[in-house]
Amino acid sequence: MTHQIDSFEEYKSEYAKSVKDPKKFWAKQAKTFHWRKPWKKTLDWNFKEPKVKWFAGGKLNITENCLDRHLKDRGDQVALLWEANDPKEASKSYTYKELHREVCRFANVLKRNGAKKGDRICLYMPMLPELGIAVLACARIGAIHSVVFAGFSANALADRINDASCNIVLTSDAIRRGKKVIPAKLVVDEALQNCPSVKKVIITNCAGIEVSITEGRDVWLFEELKKVSAKCPAEEMDAEDPLFVLYTSGSTGKPKGVVHTCGGYMVYTEYSFKNVFQYKEGDIYWCTADIGWITGHSYIIYGPLLAGATTMMFEGVPTYPDAGRFWKVVDKHKVNQFYTAPTAIRALMACGLQHVKPYKLNTLKVLGTVGEPINEEAWNWYDEHIGKGKIPIVDTWWQTETGGIMISALGDKGPRKATYAGYPLPGIQPVLLDPKGKLIKENEKEGLLAIRFPWPSMIRTTYGDHKRCKNTYFSAFKNHYFTGDGARRDKDGMYRIIGRVDDVINVSGHRIGTAEVENAINQNPVVVESAVVGYPHAIKGQGIYAFVITAGKIKNEEEVRKSILATVSKEIGKIAKPEQIQFVAGLPKTRSGKIMRRILRKIAEGRHDQLGDVSTLLDPSVVEKILKDFLKK
Ligand code: PRX
């Protein structure tokens, strides 16, 4: 097992070591895992191409490290706990032995259906244990999993399946979220009309609703499981073989497939999990994320299982059957570490303390947040009412691309400061740059957040398009990975993340590209052009504000609005629906035709005194008109 830091003093000395000799530092951590063959070179890198290889030549299978190596000492310990959407439904648990067995069986089902090493398999599934098992089953046979959050629309799903040419899709009849039953298989069926690469669909039974079966393509998991053995030797992988692809939004319209590899991701997720959450033997750890996002990959499945922890999955939503559900579940399962998103905290805070008071919450030792900046009010509420003022809050900053937590407190080992993520983890070398790329050395300064040295779980490429990886992350500043975030460093060197500095909106902790939403809106036949920006939203952090030009005058604004929302749901999914749509006659453009989103952002944010110089616009009067209509709303 990797090293667990036990004090702030020790953190400082480990950090110093990790910067002085990163290769030595990570080699020492990596040696604690099970490798079938040792690696040849600890690190080989340049940020120009970029090329990053950790532990290349080393042979392993991540599932042997998540499962097999624990069987001897903790085979009967619960590995995976599962809490259903419906509080009346019994929870389930799998010991390490049982999880190992289920993963092997699922892996054999995949093989039976033609899966092999290197194939891409798409998972569009609810938060059932089968989703966690399926992820590991892919890894067991060396297939690359591409989990798509099961809230995306058929079109969005088809884009992701096609980008990675997946040959198998794993899904379920339905998804249960609160009172809703969403027909997942129907979405898959629609998507697959445009996905020629898919040969098989394996369906898990979730809600028992009827589905249509395409003979020769669709099979039921429960039937397939009857036909396979529980023995499945793990495929031997190179440390630098891809482990998974996960699509995420960026500045351009098309989501990109972030690729993570086996060895470095394994080392870093285990190390960061144990240190950030200060997980101790016997603890029950719960991360409320969906496995459709990176948080679920790294800190529900891989990190905790690699560390031999007991990790919990929750199928439902925070407000069902009422806004006390999280706290009820914490008490029920005696949860010790609880990891959630600021948007959930704000939503629950708005529902009132009567939903918190009935619960003891006295097993909690560490609280975590992730996904977006946490505002002071939410931080204080979490601290006072959930942590009772007694336990640390780890505000963990990281990204799909970073694979693991980059800046965060390590449990109670160190100072805490509301709304500050804190110090970088050992091995992580963040810097602040000015827009020209000049290093900001002083503290008490804001700047663009970049990382100047590789860490094991960093992005290796964007699937099928390495140039895009280079352009997006490694071209803005020479020899640096650019995060797209702005940050502030205080007098003690602690970091506070301010938010995205690019055209990405963070809605309820979900990353959505403005271009992606604009592309979707523009699919509506009445729309001529649109511009999308983010604005502060009390619960979601940011909301989506769309300025839309339509063809000709519209008679019924409400109807057109509804139709645009339906278009966005169809093209991307409900999560990308704009909260606000303002119809405009023109958009502020430069003479070269570029939309000045900066001005629109200021209007949507209500900062009308900061519109800046508009005289260089093609038609400055457009701004006045937009502002007038905004104020009328
Ligand atoms: O803007 C930052 C924000 O979420 C972005 C990454 O989004 P995603 O790849 O979807 O991953 C989310 C879960 C790791 C970042 O660029 N972000 C993430 N964590 C924090 C945060 N902003 C402020 N504080 C955080 N703790």
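The values are calculated or read from the model by the stated rules, or taken from the named source; none is laboratory data. Given the structure is predicted, the values throughout are model-derived calculations rather than measurements. We place every Cβ from the backbone using ideal geometry, glycine too, and count neighbours over all the protein chains shown. Surface areas here come from the heavy atoms of the whole protein model, side chains and all, with no ligands, DNA or RNA. Shrake-Rupley method; radii C 1.70, N 1.55, O 1.52, S 1.80 Å.
Residues whose amide H comes within less than 5 Å of that of Asp290, counting only those at least five positions distant or on another chain, are Gly296 (H built at 1.01 Å from N in the peptide plane). May I ask you to list the trypsin sites (Lys or Arg not before Pro) in region 566-622 that are in a DSSP loop and have at most 12 other Cβ atoms within 10 Å of their Cβ? Those that pass, being in a loop and sparsely packed, are Arg591, Lys594, Arg607.
Close amide H partners of Gln399, meaning residues 5 or more places away or on another chain with modelled amide H under 5 Å apart, are Gly404. Applied to region 158-175, the Karplus parametrisation 6.51 cos²θ - 1.76 cosθ + 1.60 on θ = phi - 60° returns per-residue 3J(HN,Hα) values of 4, 4, 6, 4, 5, 4, 9, 6, 6, 9, 9, 10, 9, 8, 9, 4, 8, 10 Hz, with x for Gly and Pro. Per residue of the chain, the DSSP helices (runs of n ≥ 4 H) give a summed -39500 (n - 2.57) that works out to -8000 deg cm²/dmol at 222 nm.
In the chain, how does Rg compare with the Kirkwood Rh, expressed as the Rg/Rh ratio over alpha carbon atoms?
Numbers: Rg = 24.1 Å, Rh = 25.3 Å.
With Rg and the Kirkwood Rh in hand, the quotient comes to 0.95.
Projecting label points 7 angstrom from Cα along Cα→Cβ for Arg36 and Glu579 puts them 5.1 nm apart.
Carbon and sulfur together cover what percent of the accessible area of the chain at a 1.4 Å probe radius? Display every interim value, and only then the final one.
Numbers: 12700 of 24770 Å².
Heavy-atom surface of the chain belonging to carbon and sulfur, 1.4 Å probe: 51 percent.
Here the Karplus relation 6.51 cos²θ - 1.76 cosθ + 1.60, evaluated at θ = phi - 60°, turns the backbone of region 237-243 into coupling constants of 10, 7, 3, 9, 5, x, 9 Hz, with x for every Gly and Pro. Across region 523-534, computed HN-Hα scalar couplings (Karplus, 6.51 cos²θ - 1.76 cosθ + 1.60, θ = phi - 60°) run 6, 5, x, 7, 8, 9, 7, 8, 9, 10, 9, x Hz from first to last residue, x flagging Gly and Pro. At a probe radius of 1.4 angstrom, the accessible area of the chain per residue rounds to 39 square angstrom.
For Tyr423, the residues whose modelled amide H falls within less than 5 Å of its own, excluding neighbours fewer than 5 places apart on the same chain, are Ser408, Ala409, Tyr495. Note that region 508-632 carries a Kirkwood radius of 14.8 Å, evaluated over its alpha carbons pair by pair. Placing dummy labels 7 Å off each Cα toward the beta-carbon, the span from Ile549 to Asn471 is 2.5 nm.
GluC sites (Glu not before Pro) within region 236-345: which are DSSP loop residues with at most 14 other Cβ atoms inside 10 Å? Please report the intermediate quantities before stating the final value.
Details: sites: Glu236, Glu240, Glu270, Glu281, Glu315; in loops: Glu236, Glu240, Glu281, Glu315.
Loop-located and lightly packed - Glu236, Glu281.
For region 386-489, which GluC sites (Glu not before Pro) pass both filters: DSSP loop (anything but H, G, I, E, B) and at most 12 other C-beta atoms within 10 Å?
On the way: sites: Glu401, Glu442, Glu444, Glu446; in loops: Glu442, Glu444.
Sparse-neighbourhood loop GluC sites (Glu not before Pro): Glu442, Glu444.
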